[in-house]
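Engineer: One structure follows; several queries about it will come next.
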Amino acid sequence: MPQREGATAEPDAATVEAGLDALDTPVAAAQRVSGRRRFTRTVLPPVGFLVLVVAVWQALWAAAFWPEYQLPAPLTVGTELWNLFTGGDAFGFVWTSVHRAVLGFAIAILIATPLGLLVAKVRLVRAGIGPFLSGLQSLPSVAWVPAAVLWFGVEPAAMYVVLLLGSVPSIANGLVAGIDQIPPILPRVGKVLGAGRLATARHILLPAALPGYLAGLKQGWAFSWRSLMAAEIIATSPLLGKGLGAYLDDGRFLNDMSTVISAIVLILLVGVGIELVVFRPLERAVLRARGLGSL
Amino acid sequence: MTATLEGSTAETTGHAVRLSGVHKSFGTGRDAVAALAGVDLDVSPGEFVCLLGASGCGKTTLLNLIANLDQPSAGEIELTTSRPAVMFQEAALMPWLTAAANVELPLKLAGVARGERKARTGELLELVRLSGAGHKRPHELSGGMRQRVALARALASATHSENGEQRPALLLMDEPFSALDAITRDVLQDELVRIWEATGTAVVFVTHDVREAVRLGQRVVLLSSRPGKVVQQWRVDGLAGQDEINAVDVINRRLREVISNHAAA
């Protein structure tokens, strides 16, 4: 039967709008991935790669291309690591280094945050020290170790100086990038909504810059850890206590390759562990709340 | 028929906005570019005025001046309203806040107490028919919904501002629907008229769409380009059917005339 015009009542505006909303609303794309699925996707590949590396290593060792003191058997290194953990030494080394790194990193945040704000918001400061701040990022922090040792002696202070010179620029630069990337419309909106200078910083600029700031913090942590290891390897002294860097240097001194590799494994574990436990979840939560990032 | 108004509307009693001889130029010395050259405009309380013009006519500049985002180089701008509510082409919602928190933000900035804030936010979301979407983040909303949240937020910034004292409200809109698809735009135009009637706010609506201007406005003000000046005004209140089509034709012709003047230069 042909439809007659006007046979049905015209839907009211609210219904039309509700329909439009239902049609236009972005569909939540990513369903919750099951735990097992996630395991096979994110945990298995790196573990598989690791197994491959150890297998190649084992093969090279068996072929005896290099003398034992250059390439020990994987099992020898495994035993060394096992003894480190069961004997409790590993925790001592890790604690010495990590507490230094965390303390230094905290100081770096305290220095870099106001510095980054100044560079981002004060034109003269940006013109003056902005280029140096970016330049410092490309200077390997090992380069500061001799200077720090001459200034402060082989003391904890020297370690912290090297660490700060490595991490402050990257945290500050991250904050500057975060602020620069704020769409200019947001502060304008803030102004028409009645925000003063302080309220704009608190309610608009800082939250808007958070993703960039967080990226800077993550990089700053990596730089802190690297710089500290460089300092610990070069400047060793009984006064400093034995951190991972000093332990690594022990291996070199004693021509003990399994100690060297164990130390490297521990240094990697700490770096990756802190990234995975602290920064990854933080970053994920922030990005997900804003509908950014696919993770 | 459309009534053509000569000069300013002299018969208005009281005004929400009065611009007299407003000039605005950017840059200094030789490089200075005049964006507005002597704009006179009155908007009555509760009136819906559409500013129409091609690119470069200074529509947005004019709106920014009224919104106090920028200062005129010469001339005076007088507002008798509360702080104007402003809406831009993009919704510009804070991506880290939910829809409700976005609407609540201006109330928070104004130091409104928590309970009152929540109540007012609820009312405004109801007004734009988004009561069910308050908990969603901007990226979970469609373009049209975002623009409605922006409207609710703009209204929140305007209506509370004087303590107790009721002052006329003013809503400034800078091509708020031009980035939306045609169906959504059509629905939102109706929504805007409904909300305008419900709130009695004066509206200054910037657009480059003649049809939109005639459909929404009570008055259409045509601006010339570089520098912007009021060329002509038409009263288009309550036009329908053939009258509306005629008005669009007349205004369109005049707009083209103004634009073609630039071809010679």
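Engineer: In the range A:239-267, how many are in a loop (DSSP other than H, G, I, E, B) and crowded, with 20+ Cβ neighbours inside 10 Å?
Structural biologist: The qualifying residues number 1.
Residue by residue, here is whether (1) touching a Pro at 6+ places or on another chain (Cβ under 6 Å); (2) of a type in the set (D, E, K, R); (3) more than 25 Å from B:GLU123 (Cα to Cα) holds:
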{"residue": "B:ASP174", "(1), (2), (3)": "no, yes, no"}
{"residue": "B:ILE183", "(1), (2), (3)": "no, no, yes"}
{"residue": "B:ARG211", "(1), (2), (3)": "no, yes, yes"}
{"residue": "B:ARG256", "(1), (2), (3)": "no, yes, yes"}
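Engineer: Could you please let me know if A:GLY271 is assigned to a helix (DSSP H, G or I), touching a helix residue (DSSP H, G or I) at 6+ places or on another chain (Cβ under 7 Å) and surrounded by fewer than 19 Cβ atoms within 10 Å (Cβ to Cβ)?
Structural biologist: Criteria met by A:GLY271.
Engineer: Being over 11 Å from B:TRP96 (Cα atoms) and not basic (Lys, Arg) is the filter here; which residues of the range A:191-205 pass it?
Structural biologist: A:VAL192, A:LEU193, A:GLY194, A:ALA195, A:GLY196, A:LEU198, A:ALA199, A:THR200, A:ALA201, A:LEU205
Engineer: Being within 14 Å of another protein chain (Cβ to nearest Cβ), in a helix (DSSP H, G or I) and at pLDDT 90 or above is true for just one of A:LEU198, A:LEU150, A:LEU214. Which residue is that?
Structural biologist: Exactly one of A:LEU198, A:LEU150, A:LEU214 is within 14 Å of another protein chain (Cβ to nearest Cβ), in a helix (DSSP H, G or I) and at pLDDT 90 or above, namely A:LEU214.
Engineer: Exactly one condition in (1) on the phi > 0 side of the Ramachandran plot; (2) within 14 Å of chain B (Cβ to nearest Cβ) is false for A:VAL286; which is it?
Structural biologist: Here A:VAL286 meets the rest and fails (1).
Engineer: Quick check on the range B:86-102. Is at least one of its residues more than 13 Å from chain A (Cβ to nearest Cβ), part of a loop (DSSP other than H, G, I, E, B) and surrounded by fewer than 19 Cβ atoms within 10 Å (Cβ to Cβ)?
Structural biologist: Checked against the condition, which is being more than 13 Å from chain A (Cβ to nearest Cβ), part of a loop (DSSP other than H, G, I, E, B) and surrounded by fewer than 19 Cβ atoms within 10 Å (Cβ to Cβ), the range B:86-102 yields no hits at all.
Engineer: Here is a list of conditions, (1) exposed (fewer than 15 other Cβ atoms within 10 Å of the Cβ); (2) farther than 30 Å from A:THR236 by Cα, and A:VAL277 meets all of them except one; can you say which number that is?
Structural biologist: Against the list (1) exposed (fewer than 15 other Cβ atoms within 10 Å of the Cβ); (2) farther than 30 Å from A:THR236 by Cα, A:VAL277 comes up short only on (2).
Engineer: Still on this structure, I have one more. Conditions first: (1) without any contact (Cβ under 8 Å) to a residue 40 or more places away in the chain; (2) farther than 29 Å from A:VAL277 by Cα; (3) surrounded by fewer than 20 Cβ atoms within 10 Å (Cβ to Cβ). A:THR236 passes all but one, so which condition is the exception?
Structural biologist: Here A:THR236 meets the rest and fails (1).
Engineer: Answer yes if at least one residue in the range B:235-255 is assigned to a strand (DSSP E or B) and modelled with pLDDT of 80 or more, and no otherwise.
Structural biologist: yes
Engineer: Of the residues that sit in the range B:103-117 and are away from every other protein chain (no Cβ under 11 Å) and of a type in the set (Lys, Arg), which one is farthest from the chain's Cα centre (by Cα)?
Structural biologist: Selected residue: B:ARG114.
Engineer: Another one. Between residues in the range B:200-224 that are at positive phi and residues that are surrounded by fewer than 24 Cβ atoms within 10 Å (Cβ to Cβ), which pairs lie under 6 Å by C-beta distance while being six or more apart or on different chains?
Structural biologist: Matching pairs, first to second residue: B:GLY200/B:GLY46.
Engineer: Does the range A:155-187 hold any residues that are among the β-branched types (Val, Ile, Thr) and within 14 Å of chain B (Cβ to nearest Cβ), and which are they?
Structural biologist: Answer for the range A:155-187, where residues must be among the β-branched types (Val, Ile, Thr) and within 14 Å of chain B (Cβ to nearest Cβ): A:ILE182, A:ILE185.
Engineer: Has the range A:163-170 got any residue that is modelled with pLDDT of 90 or more and under 29 Å from B:MET94 (Cβ atoms)?
Structural biologist: Yes; the residues of the range A:163-170 include at least one that is modelled with pLDDT of 90 or more and under 29 Å from B:MET94 (Cβ atoms).
Engineer: Follow-up question, since we're still on this one. Could you please let me know if B:ALA154 is modelled with pLDDT under 85, closer than 20 Å to B:PHE88 by Cβ, buried (at least 19 other Cβ atoms within 10 Å of the Cβ) and in contact with a strand residue (DSSP E or B) (Cβ under 6 Å, 6 or more places away or on another chain)?
Structural biologist: Criteria not met by B:ALA154.
Engineer: Further question: Does A:SER97 satisfy being assigned to a helix (DSSP H, G or I) and in contact with an Asp or Glu (Cβ under 7 Å, 6 or more places away or on another chain)?
Structural biologist: Spelling it out, A:SER97 is indeed assigned to a helix (DSSP H, G or I) and in contact with an Asp or Glu (Cβ under 7 Å, 6 or more places away or on another chain).
Engineer: When you check A:ILE185 against the structure, is it within 20 Å of B:ASP70 (Cβ to Cβ) and in contact with a helix residue (DSSP H, G or I) (Cβ under 7 Å, 6 or more places away or on another chain), yes or no?
Structural biologist: no
Engineer: Same structure again: Could you please give the count of residues in the range B:24-42 that are exposed (fewer than 14 other Cβ atoms within 10 Å of the Cβ) and either part of a helix (DSSP H, G or I) or among the hydrophobic types (A, V, I, L, M, F, W, C) (or both)?
Structural biologist: 6
Engineer: Going through the range A:70-112 one residue at a time, which ones are hydroxyl-bearing (Ser, Thr, Tyr) and within 16 Å of A:ILE264 (Cα to Cα)?
Structural biologist: A:THR76, A:THR79, A:THR96, A:SER97
Engineer: Sticking with this one: Within the range B:167-179, which residues are more than 14 Å from B:GLU90 (Cα to Cα) and at pLDDT 85 or above?
Structural biologist: B:LEU170, B:LEU171
Engineer: Could you count how many residues in the range B:164-179 are more than 22 Å from B:THR60 (Cβ to Cβ) and either within 14 Å of chain A (Cβ to nearest Cβ) or free of Cβ contacts under 8 Å to residues at least 40 places away in the same chain (or both)?
Structural biologist: 3
Engineer: Shifting gears a bit: So for the range A:115-124 (the condition being surrounded by 15 or more Cβ atoms within 10 Å (Cβ to Cβ), of a type outside the set (Gly, Ala, Ser) and modelled with pLDDT of 90 or more), does at least one residue qualify?
Structural biologist: Looking for residues that are surrounded by 15 or more Cβ atoms within 10 Å (Cβ to Cβ), of a type outside the set (Gly, Ala, Ser) and modelled with pLDDT of 90 or more, one finds at least one in the range A:115-124, hence yes.
Engineer: Limited to the range B:180-195, what total is found for residues that are within 9 Å of chain A (Cβ to nearest Cβ) and either over 16 Å from B:ALA91 (Cβ atoms) or loosely packed, with under 14 Cβ neighbours inside 10 Å (or both)?
Structural biologist: The total comes to 4.
Engineer: Next question. Being away from chain A (no Cβ under 14 Å), assigned to a strand (DSSP E or B) and buried (at least 19 other Cβ atoms within 10 Å of the Cβ) is the filter here; which residues of the range B:43-85 pass it?
Structural biologist: B:VAL43, B:PHE48, B:VAL49, B:CYS50, B:LEU51, B:LEU52
Engineer: So, one more: Of everything in the range B:123-148, what is touching a residue at least 12 places away in the same chain (Cβ under 8 Å), surrounded by fewer than 17 Cβ atoms within 10 Å (Cβ to Cβ) and away from chain A (no Cβ under 11 Å)? Give them in sequence order.
Structural biologist: The answer is B:HIS135, and nothing else.
Engineer: Do we find that A:GLY190 is within 14 Å of chain B (Cβ to nearest Cβ), crowded, with 22+ Cβ neighbours inside 10 Å and out of contact with any Pro (no Cβ under 8 Å at 6 or more places or on another chain) in this structure?
Structural biologist: yes
The values are calculated or read from the model by the stated rules, or taken from the named source; none is laboratory data. Keep in mind it's a predicted model, so treat the numbers as computed, not measured. Cβ coordinates were reconstructed from backbone atoms using ideal geometry, including for glycine residues, and neighbour counts include every protein chain displayed.
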